[in-house]
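Below is one structure; the comments refer to it alone.
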Amino acid sequence: MKPHYRHISVLQKEVVDYAPPSTRTILDCTLGGGGHSHSLLEKYPKACLYGIDRDAIAVKAADRKLQNFRKQTRLIHASFSELPDLSDKWGNPGFDYIIADIGVSSEQLSCPERGFSFINEGPLDMRMDPDRQHFTAENIVNKANEHELVSILRNFGEERYARKIVSTILEERRKKTFKTTLELAELVKNVIPNKMKKKGFNPATRTFQALRIAVNNELQELTSLLEHTPSFLKPSGRLAVISFHSLEDRMVKQQFRKWENPCVCPTDLPYCVCGEIPLGKVLTRRQVKASKEEIAKNPRSRSAHLRVFAKTSR
């Protein structure tokens, strides 16, 4: 176990500022070392905090970070899809504030042995929960068929050159088994035309993102989170979600809008007859982004988008 957990929580001030004024119960769905939770408990020292993370290392790091608040915290190694069962075990407390920081953490990226990075040599792993997951990026790259690989790169990475990358992977894996991150990153770099490469943007970014999402079932997990969190919120409670790429941000934006305006009646009807009732209000008409000062200190925050939804008070 490493003595220091290197994840830097993004948009900490903004997350705290959007908390309901009388926050007493908090659910942190992505502990990631406890940065957001610690900031919230400093502002609301009487609040009870429940926290989960699918990375066991993150849960241990958060426990250390929150050691001064241990009497009022319950931290568990779990994923979004396990929240309904956990809520039952906790006695269905209801939450004033639920937060989720979606995606890979700084710590995961900085550890070559986790296999998330296309910069440092490591195994093609990418599992967020290696204790309970067995399917790795190596399995996908070496065993998935052409259709499956193209679908993953296009749907999860929005990779323009998906078919060309996949055809090269298929050709190369007839000669050898892909084992390391740099093997794959170099292949992608060589496939993408130089004129399409952007300064400061690694050509393998989208491919690695797509494989990571596939390995960890991330979009399905996010769907589960968005499906269940409204029932976990107290009246006037709020849900804050930070995402780092367009797929996740689009899902959050669309779901928030649907909660705010669930009516499915034809637009030519003079009034609503479907009976769908709004759950609340979107507090962030546009995504909240990191300040220039934060980006200068933590470049990763440049991609962070925060959206907040408030449940109705009734």
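The values are calculated or read from the model by the stated rules, or taken from the named source; none is laboratory data. Worth saying up front: this structure is predicted, and the values here are computed from it rather than measured. So basically every Cβ, Gly included, is an ideal-geometry build from the backbone, and we count neighbours across all protein chains shown.
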Among the residues listed as LYS253, LYS258, the single one being assigned to a helix (DSSP H, G or I), without any contact (Cβ under 8 Å) to a residue 12 or more places away in the chain and surrounded by 14 or more Cβ atoms within 10 Å (Cβ to Cβ): LYS258
Any chance PRO230 is in a helix (DSSP H, G or I), on the phi < 0 side of the Ramachandran plot, in contact with a Lys or Arg (Cβ under 7 Å, 6 or more places away or on another chain) and not small (Gly, Ala, Ser): yes
Single residue of region 84-107 satisfying the filter (free of Cβ contacts under 8 Å to residues at least 60 places away in the same chain and either under 22 Å from SER9 (Cα atoms) or among the hydrophobic types (A, V, I, L, M, F, W, C) (or both)) that is surrounded by the most Cβ atoms within 10 Å (Cβ to Cβ): TRP90
Which numbered condition VAL273 fails, given (1) more than 20 Å from the chain's Cα centre (by Cα); (2) β-branched (Val, Ile, Thr); (3) within 30 Å of PHE201 (Cα to Cα): (3)
Enumeration of residues in region 175-212 that are closer than 21 Å to PHE135 by Cα, charged (D, E, K, R) and not in a helix (DSSP H, G or I): LYS176, LYS179
Count of region 269-314 residues which are under 15 Å from GLU14 (Cβ atoms), touching a residue at least 12 places away in the same chain (Cβ under 8 Å) and in a loop (DSSP other than H, G, I, E, B): 7
Flag if ILE76 is surrounded by 23 or more Cβ atoms within 10 Å (Cβ to Cβ), more than 24 Å from SER110 (Cβ to Cβ) and either of a type outside the set (Lys, Arg) or touching a residue at least 40 places away in the same chain (Cβ under 8 Å) (or both): no
Long-range neighbours under 7 Å by Cβ, at least six apart or interchain, first residue assigned by TED's automatic domain parsing to the domain that holds GLU183 and free of Cβ contacts under 8 Å to residues at least 40 places away in the same chain within region 123-145, second in a loop (DSSP other than H, G, I, E, B) and surrounded by fewer than 18 Cβ atoms within 10 Å (Cβ to Cβ): ASN142/THR177; ASN142/PHE178
Candidates ARG132, ARG154, ARG163, filtered to the one that is of a type in the set (Lys, Arg) and in a loop (DSSP other than H, G, I, E, B): ARG132
Condition met for ARG238 (closer than 22 Å to VAL288 by Cα and of a type in the set (Lys, Arg)): yes
Residue among ASN217, ASN194 that alone is loosely packed, with under 12 Cβ neighbours inside 10 Å, out of contact with any His (no Cβ under 6 Å at 6 or more places or on another chain) and of a type in the set (S, T, N, Q): ASN194
Some residue of region 13-35 being closer than 23 Å to GLU293 by Cα, hydrophobic (A, V, I, L, M, F, W, C), out of contact with any strand residue (DSSP E or B) (no Cβ under 7 Å at 6 or more places or on another chain) and at pLDDT 95 or above: yes
Residue in region 98-120 that is within 18 Å of ARG24 (Cβ to Cβ) and modelled with pLDDT of 95 or more present: yes
Where a residue in region 177-189 is among the aliphatic types (A, V, I, L, M) and its partner, wherever it lies, is surrounded by fewer than 17 Cβ atoms within 10 Å (Cβ to Cβ) and assigned to a helix (DSSP H, G or I), with Cβ under 7 Å and at least six apart: LEU187/THR168; LEU187/GLU172
Residue selected from region 233-268 under the condition closer than 21 Å to VAL16 by Cβ and among the aliphatic types (A, V, I, L, M), by the criterion farthest from the chain's Cα centre (by Cα): LEU233
